[in-house]
Amino acid sequence: DVGYETTEFEVGYAGDFTVSFWHAYWLESGYDGGVVELSVNGSEWQDVTYFGGQFMNGGYSEVLDDDVADQPLAGRAVFSGDLRGSAGFPANSQEMINFGEALNGNTVKFRFRIATDSAVNVFGWFVDNVQFTNVESPMFSEVVSGVVESCDNSAPRLVSISDDMTVEEGDAVALEAE
């Protein structure tokens, strides 16, 4: 159960707030899944659909059973199965979530979250080219080095959902899955 999240940022007033991204996943259907979540004005993390987000290109592929052991996303709609093997791939690999103007003026955090059960595993979930519209403040590092070798100020924000841990930006981290 891990996630990749942004820092807090402010949604503007210049029209619809949207996020778009390219993704490919191959997850154990019915047992493993990925979701997209928001925290608004410091609230608990909730699915983007809770805050009025509408998937514009298909959205989640299935709902996990409520009784999946060791699965924190049990009972929720998720991306699961093999998107790469679907009939519409790669055209259906671009997704957009539109919140309209409902979140304008709010402070939000955004994350991609993936969780698996404790049994079979397969390839995973790749997310790329994440783009937001109608954003007033930076959500990633404000300063990015022009020298690739010294670009340690934009380390990804990979967070553990289940256990608390503190890591300073630029520190090396090793994650193990059981």
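The values are calculated or read from the model by the stated rules, or taken from the named source; none is laboratory data. From a predicted model like this one, the values you see are computed outputs, not experimental measurements. Cβ placement follows ideal geometry from the backbone for every residue including glycine, while neighbour counts extend to all protein chains displayed. Just so you know, the surface numbers come from the protein's heavy atoms only, side chains and all, with ligands and any DNA or RNA stripped out. Shrake-Rupley method; radii C 1.70, N 1.55, O 1.52, S 1.80 Å.
State yes or no: is Ser20 farther than 24 Å from Thr116 by Cβ, open to solvent by less than 60 Å² (accessible area, probe 1.4 Å) and touching a residue at least 12 places away in the same chain (Cβ under 8 Å)? The answer is yes for Ser20. Can you tell me which of (1) crowded, with 18+ Cβ neighbours inside 10 Å; (2) free of Cβ contacts under 8 Å to residues at least 60 places away in the same chain; (3) over 20 Å from Glu101 (Cβ atoms) is the one Gly34 doesn't meet? The number of the failed condition is (2). Taking each residue of region 41-58 that is open to solvent by 60 Å² or more (accessible area, probe 1.4 Å) and looking for partners that are assigned to a loop (DSSP other than H, G, I, E, B) with beta-carbon atoms closer than 6 Å, six or more apart or interchain, yields Asn41/Asn106.
Scanning region 1-26 for residues that are under 15 Å from the mean Cα position of the chain (by Cα) and of a type outside the set (S, T, N, Q) gives Asp1, Val2, Gly3, Tyr4, Glu5, Glu8, Val19, Phe21, Trp22, His23, Ala24, Tyr25. Mind checking whether some residue in region 20-43 is closer than 13 Å to Tyr60 by Cα, of a type in the set (Asp, Glu) and out of contact with any Ser or Thr (no Cβ under 7 Å at 6 or more places or on another chain)? Looking for residues that are closer than 13 Å to Tyr60 by Cα, of a type in the set (Asp, Glu) and out of contact with any Ser or Thr (no Cβ under 7 Å at 6 or more places or on another chain), one finds at least one in region 20-43, hence yes.
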